[in-house]
Amino acid sequence: MTNKFATIAALRSAFSDGSYTPAAAVADALTTITENDPAIHAFLHTYHDTAIAAAKEATAAYEAGTADLPPLLGVPLAIKNNILVKGERATAGSKILENYTAPYDATVVARLRAAGAIFIGSTNLDEFAMGSSTENSAYGPTKNPLAPSRVPGGSSGGSAAAVAMGAAPAAIGTDTGGSIRQPASYCGLVGFKPSYGALSRYGLIAMGSSLDQAGPLTHTVADAELLHTIMAGKDPLDATSYDLSPTAYDKAKPLTIGVPRAFLKDGIDDDVAALFEKHLTEVRALGHQVVDVDLPLFEQGLAAYYIVMPAEVSSNLARYDGIRYGLSVPGDDLLAVYENTRAAGFGDEVKRRIILGTHVLSSGYYDAYYKQAERVRTMMRAELAATFAGVDVIVTPTTPTPAFTFGAQADPLSMYRQDIFTVPVNLAGIPALSFPMGTVQRESDTLPVGVQYSAPIGSDARLLAIGRVLYDERSASTSWTPPQQ
Ligand code: GLN
C-alpha cells in the first residue's frame, strides 16, 4: 500500500521535485489494487491501459520542466461507477447497466481530466446509489479496509474504500442523502457534499435529481477543496448549475457553532455521543462559541427524504425500459419487454423505492405524501435560513454509529436511520463537510466516526476554509514520503 497516506498536495510536490513520478504513482496504485482489492472489492473496473498511458505523458511533462502544469497533473483518482467516464463501463452498481459503456465524460470528469487527473478505475456502490453500506450492489459488497468484517458505508463505499486502502489519494463520490459523508465517516476520511447546483450533474446517473451532487473523498480538507474548486461552476449542460459567489472566512474571528440538541437525543451510540461532546469541548477551547439551536423540522428530514427521494427515483428510473439502455429481456409485446427487463435488471431495494415512489406520486396519494413532504422541505429551508442568521455553522455527528457489520442493518428501516443527520442537508441544498472526530471501539476494531459541519447554501468556500482550520491544522501531519524507485 505505497500510496496509503499520500495526499494530493504531497504527490504534487513530489512530482514537481522529481522524487516521485506519475508513472510510478499509477503503477503503485494499480499494484495496490491487484494486491488488496480481491479482499476489499472497492473497484468494479480498473482503467489499466489508459491510466498507464496518461501517466507516461504526465511524467514526460514534469521531466520537460514545462511551466504552469495543471494542478492535478499525474494524480491518480478513483471514481464512483455512476459517473460517466467516456469509453468505460458505467453500471451504477446495477445489472441493468452491466454492459453499458459511457458515450461521453461527465462534466466533473472532463474538468478533472483537464486539470491533469488520471482515473485509475471505477468504484463499487449500492445499486443506483440507494443504500448506506454497498450491500445493495449487484456486484457484491465492498469491505471496510479498516475492519473487513464491517461495511465501508454507502453508497460511495467503493470510493471510500479505494482511498482508505491506499489505491488513490482521493476519490469522487455522489451524495443524494449522505453517500459521500457517511462512508467518509466509516472509513476515517474527509467527505464533502457541495451546495446543490455548485456542480454540474451532467453525466451523473440520476437518483434524485433535486438532491444529487458529486463531491470528493480525501485525507485532508485542503485536498477536498482543491478537487471541489476544479469540479465546481456553471455548466451549460446542466441548467441547475451556477457559479457560487466567493465566501471568505476570517480565521481571526471566532465562530458561532449551532448544535441541534433536541435532535441528538435518540438513536446515537453512547460512545459516539461522548466523542461528539469531546469534539465540542475542543472547539470551545479554540475560542469558538457553541450554542444550542432548535431545528424541529430537521427531525422530519428523514421522513420527508424517504418520500421525495423515491418519487424522484421512480421517475428517473423509468428510462430503464429495455429499449434505451443496457439490459433488454425479450417479451411477447412491448409491455412484456419492460416488465421482464425491469424484473431481471433491478435489485430489491431499487424495486422497493420505485414502488414507494409511484405510490406517493399517484393521484390518490400525491397530496397526502409528496405535496406534504415538499412543504416540509420548503419550511425546513426557511427554518435553516433563520437559524443561520444567528450561527455560522451547524454541527452534528455525521453518523449515529461507527461502521456496522455485514447484515447488521438488514431491515431497510434500520438502514434508513443511518441517514438521520445527513439527509436534511440534501433536502435543504446546503453544503456539508464530514471529517474524522475520533475513534470508538467495537470488539477488536478501532473505528473512526465523523463530525458533520453544514453551512448556508452557497458558502462552500467558507465551509471548506473553516474545515481546514478545524481539521487539517489540528490533525497529525501525514508523513508520507515517496517510495524508493
Ligand atoms: N443512504 C441514503 C439512501 O439510501 C443516501 C444515498 C445517497 O446519498 N446516494 O438513500
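The condition of being over 19 Å from N426 (Cα atoms) and more than 16 Å from the ligand (Cβ to nearest atom) holds for only one of L295, L356, L327, that being L327. Looking at the stretch 414-435, which of its residues are within 21 Å of D270 (Cα to Cα) and either within 13 Å of the ligand (Cβ to nearest atom) or among the β-branched types (V, I, T) (or both)? Result: S414, M415, Y416, R417, Q418, D419, I420, F421, T422, S434.
Against the definition (among the aromatic types (F, W, Y) and either part of a helix (DSSP H, G or I) or at pLDDT 95 or above (or both)), how does Y365 come out, yes or no?
No.
Of the residues making up the stretch 151-178, those that are more than 12 Å from the ligand (Cβ to nearest atom) and touching a residue at least 40 places away in the same chain (Cβ under 8 Å) number 14. Every condition in (1) buried (at least 24 other Cβ atoms within 10 Å of the Cβ); (2) in contact (Cβ under 8 Å) with a residue 40 or more places away in the chain is met by S210 except one, and the failing one is (1). A114 meets all of the listed conditions (1) surrounded by fewer than 24 Cβ atoms within 10 Å (Cβ to Cβ); (2) of a type in the set (G, A, S); (3) more than 20 Å from I230 (Cβ to Cβ) but one, namely (3).
Just give me the residues in the stretch 308-318 being aliphatic (A, V, I, L, M) and under 21 Å from the mean Cα position of the chain (by Cα), in sequence order. Once the filter is applied, which keeps residues that are aliphatic (A, V, I, L, M) and under 21 Å from the mean Cα position of the chain (by Cα), the stretch 308-318 yields V308, M309, V313, L317. Answer yes or no as to whether L125 is within 16 Å of the ligand (Cβ to nearest atom) and buried (at least 21 other Cβ atoms within 10 Å of the Cβ). When the stated conditions are applied, L125 passes them. Counting only residues that are touching a residue at least 40 places away in the same chain (Cβ under 8 Å) and not in a helix (DSSP H, G or I), the stretch 306-360 holds 6 of them. Of the helices (runs of 4 or more DSSP H) lying entirely inside the stretch 1-115, those containing at least 2 residues that are among the basic types (K, R) and in contact with a strand residue (DSSP E or B) (Cβ under 9 Å, 6 or more places away or on another chain) span 107-114. Beta carbons closer than 8 Å, at least 6 apart along the sequence or on distinct chains, pair a first residue in the stretch 274-293 that is in contact (Cβ under 8 Å) with a residue 60 or more places away in the chain with a second that is hydroxyl-bearing (S, T, Y) and part of a helix (DSSP H, G or I) for V293/T387. Test L447 against the criterion of being over 29 Å from P254 (Cβ atoms), away from the ligand (no atom under 14 Å from the Cβ), crowded, with 22+ Cβ neighbours inside 10 Å and under 20 Å from the mean Cα position of the chain (by Cα), and give yes or no. Yes: the conditions hold for L447.
For the stretch 411-419, the condition holds for no residue, the condition being that it is under 26 Å from R468 (Cβ atoms) and in a loop (DSSP other than H, G, I, E, B). Taking every residue in the stretch 463-477 that is closer than 20 Å to I394 by Cα and pairing it with any residue that is in a loop (DSSP other than H, G, I, E, B) and among the β-branched types (V, I, T), at least 6 positions away or on another chain, the pairs with Cβ-Cβ distances below 6 Å are D472/T220.
The values are calculated or read from the model by the stated rules, or taken from the named source; none is laboratory data. In this text, all values refer to a predicted model and were calculated from it rather than measured experimentally. Cβ coordinates were reconstructed from backbone atoms using ideal geometry, including for glycine residues, and neighbour counts include every protein chain displayed.
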